[in-house]
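Student: One structure, as C-alpha cells, below. Some questions next.
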Amino acid sequence: MKNIFKDVLITLFGAVTSLLTAFILYWVESRWSMSFYSLMIWFIIPAGAGVSGFAAASGYYFGARFFNHKPRKIILLNMLAVSFGTYLFIQYLDYSFLEVEGKSVAHYLSFWEYLDISMTNTSVQIRAGRGHVKVGNAVELQGLGYVYALLQVIGFALGSFVLHLYLSTRLYCEKCLRYFSSKGNASRYTDNKEALADFIKKAINLLEKHNLTEIISLHAEAGSSKCDLKKHYFKTDLNLKSCKECGKHHLSVNVFKKNGKDDWDEIHDLSIGAMSMKELSFKN
C-alpha cells in the first residue's frame, strides 16, 4: 500500500508538470507563432517533442527523488499515458481558444473533427543554418500529417522513457528504500598509457579484495589533478556515493579518453565499481 500511495503521489507530480508544460508550449505558440514541440530534425527526429516530453515528465523525477521511491513499471505506463495526454491537451488548448468570425471553433466542430482537419492541413517549413533561415515555401502534408503527428507523440513518449530509464539506473538502497547520495568525486589526468594500464590492473585486484580505501589512495597518485588538454589524453574518475540511512557506500572507477575535440569519451569496458559497508572518503 505504501508503494501504491507513493506511485499515486509521483503521478500527481508528473501531471502537474505536464499541465504546466502544455500551457507554456501553448503560450509560446500563441505569442510567437512557433510550435516548439513540432520542431523536427531531418523531418523524422522529433527533437522538439522529445524535449517537451522530458520537461512534461520532470515532475516524476522530482517526485521520485523527494519521496525516495524507485519508479516501477506502472510509473512508466503512467508517464507514457500522461505524455500522450500532454500532446492532446496542447491540441485542445488550440481548439478551445481558436475563434472563427468571433465565435469559438467549438461552435462548429467537435474536438476530434478539429484534430482531423488540423493534422491533414499541417504545413512544414524547412529552416537551415545558424539563423534558421527559411528555405523554399511551406509544404502542406495532407494525409502525411497523421504521420507527422504520430512522430510528435513518439517524441513526447521518448522524453518520458529517457527520464524513467535515468531514474531506474540511479543507485538505490533496497534495504532503506532511498537513493544514494553523492559524497564527492576525484579526477586524475595522464598521458602515460602504461601507467594507466597499471592503475586499472591494481584497481581491479583491490576491488576483488574489497579494499576500496586503497583504490582511493592509489588513484590520488595516478596522475595530475589538473587537466592540460594539450598534454593529457586519458582521465580517470572516482565517484563516491552513500546511503545516508545505513551507511553503505559505492565506489566507481570510470576511464575516459580524449576524443580530439577538447572533450572526453568514456571507455565503458574499463569502468568498474563495488559496494562497501565501510566508511569511505576522499583524502585531502
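Student: Which count do you get for residues in region 27-39 that are within 19 Å of S160 (Cβ to Cβ) and either surrounded by fewer than 17 Cβ atoms within 10 Å (Cβ to Cβ) or modelled with pLDDT of 85 or more (or both)?
Tutor: Counting residues in region 27-39 that are within 19 Å of S160 (Cβ to Cβ) and either surrounded by fewer than 17 Cβ atoms within 10 Å (Cβ to Cβ) or modelled with pLDDT of 85 or more (or both) gives 1.
Listed here are the residues, each with its yes/no results for (1) assigned to a loop (DSSP other than H, G, I, E, B); (2) at pLDDT below 90.
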{"site": "A157", "(1), (2)": "no, yes"}
{"site": "F161", "(1), (2)": "no, yes"}
{"site": "L167", "(1), (2)": "no, yes"}
{"site": "L196", "(1), (2)": "no, no"}
{"site": "L207", "(1), (2)": "no, yes"}
{"site": "H210", "(1), (2)": "yes, yes"}
{"site": "E214", "(1), (2)": "no, no"}
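Student: Separate question: From K231, K261, K278, K241, grab the single residue that is in a strand (DSSP E or B) and charged (D, E, K, R).
Tutor: Of the residues listed, the single one that is in a strand (DSSP E or B) and charged (D, E, K, R) is K241.
Student: In addition: Suppose we filter S123, S58, S104, S110 for residues that are at negative phi, surrounded by 15 or more Cβ atoms within 10 Å (Cβ to Cβ) and either at pLDDT 80 or above or of a type in the set (G, A, S) (or both); which single one remains?
Tutor: After ruling out the rest, the residue left standing is S58.
Student: Give me the pairs: first residue in region 98-115 and farther than 20 Å from E29 by Cα, second residue not in a helix (DSSP H, G or I), beta-carbon distance under 7 Å, and six or more apart or on different chains, which are they?
Tutor: Taking only residues 6 or more apart or on different chains, the pairs are Y108/V100.
Student: Being exposed (fewer than 13 other Cβ atoms within 10 Å of the Cβ), closer than 30 Å to H69 by Cα and of a type in the set (K, R) narrows it down to one residue among K278, K226, K209, K248; which is it?
Tutor: K278
The values are calculated or read from the model by the stated rules, or taken from the named source; none is laboratory data. None of these values were measured; they are calculated from a predicted model. Quick reminder, even Gly has a Cβ in these numbers, built from the backbone with ideal geometry, and neighbours come from all protein chains shown.
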